[in-house]
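**Student:** After the structure tokens below, expect a handful of questions from me.
The values are calculated or read from the model by the stated rules, or taken from the named source; none is laboratory data. Since we're looking at a predicted model, the values are computed, not measured. Here the Cβ positions follow ideal geometry from the backbone for every residue, glycine too, while neighbour counts run over all protein chains shown. With ligands, DNA and RNA removed, areas are computed over all heavy atoms of the protein, side chains included. Shrake-Rupley method; radii C 1.70, N 1.55, O 1.52, S 1.80 Å.
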Amino acid sequence: MKFRAKIVDAACLNHFTRVSAMIAKLAKTCALRISPQKLNFILSDKVASGGVSMWCELEQENFFSEFQMEGVSTENNAIYLELTSENLSRALKTAQNARALKVKLTNKHFPCLTVSIELLSVSSSSRIVTHDIPVKVIPRKLWKDLQEPTVPDSDVSVYLPVLKTMKSVVEKMRNLSNHLIIEANLSGDLNLKIETELVCVTTHFKDLGNPPLASEDASQDRDPAQMAEVHIDIRKLLQFLAGQQVNPTRAVCNIVSNKLVHFDLLHEDVSLQYFIPAFS
């Protein structure tokens, strides 16, 4: 296995740094899948067992000026690594205003992602800062558990409001309950609801719109005003919202009634799928 890559564009470097910071907030440890065209950050906790699941995808050509890799074999041309997300994010934080960044898979008594950052000094000469991030190579037999998740047919899909606004609302609701009800319909309405023995609080978002295909698929047999709902752990939703570093160009909420909620976010050059199971 071999992997080396380089970023020289400042905007690409800043964007990659923000993505790594987002992943660090969403997952303590994750799998990194390296393939010739893409990088994927994967969290594969079993949704059926109450865990969240994440699939983040980056097109490598949108970030790297140089990219070389050889997978475990010609037939399975990929590399799967397990790493602590915060270690990568912390290393990249030192890359602000860097001239270049290099990432390489190395073996220094144990497998590492070696991040080398070329920084300009006051005298205009450059200096190199190197971080060795320990990783575990995930064997081929476990790859089947780290594939892109299949998205079940949703009852309702709706566009999300501005995520910062949604985060502010959920933070306040967190003081009232650990459980949250998300409701949405095919008229573009989204409700966030708290129900306890003492209080019932609902925040309404109107006219958000529905993705065209979702509306067409469901419109034949579903009343547009009928709400689909799912009860979730509010802390898992807040972790997801707190992890967002940039506003996505598109954000969709897909509800599978009483089973799970699936968030589909498209950032510039990055797509993120995040699954939160119904509260059990």
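**Student:** Out of everything in the range 93-129 that is under 20 Å from residue 63 (Cα atoms), at pLDDT 90 or above and among the polar types (S, T, N, Q), what residue ends up being least open to solvent (accessible area, probe 1.4 Å)?
**Tutor:** 114
**Student:** Are any residues in the range 136-162 in contact (Cβ under 8 Å) with a residue 24 or more places away in the chain, open to solvent by 60 Å² or more (accessible area, probe 1.4 Å) and within 19 Å of the chain's Cα centre (by Cα), and if so, which ones?
**Tutor:** Across the range 136-162, the qualifying residues are 145, 148, 151, 159, 162.
**Student:** Residues that are open to solvent by less than 20 Å² (accessible area, probe 1.4 Å), at least 1 per element: which strands (runs of 3 or more DSSP E) completely within the range 163-208 meet that? Let's see the steps before the verdict.
**Tutor:** Working: elements: 179-184, 190-195, 200-205.
Because the criterion is at least 1 residues that are open to solvent by less than 20 Å² (accessible area, probe 1.4 Å), the strands (runs of 3 or more DSSP E) in the range 163-208 that meet it are 179-184, 190-195.
**Student:** Please determine whether any residue of the range 31-48 is surrounded by fewer than 17 Cβ atoms within 10 Å (Cβ to Cβ), in contact (Cβ under 8 Å) with a residue 60 or more places away in the chain and within 18 Å of residue 146 (Cβ to Cβ).
**Tutor:** yes
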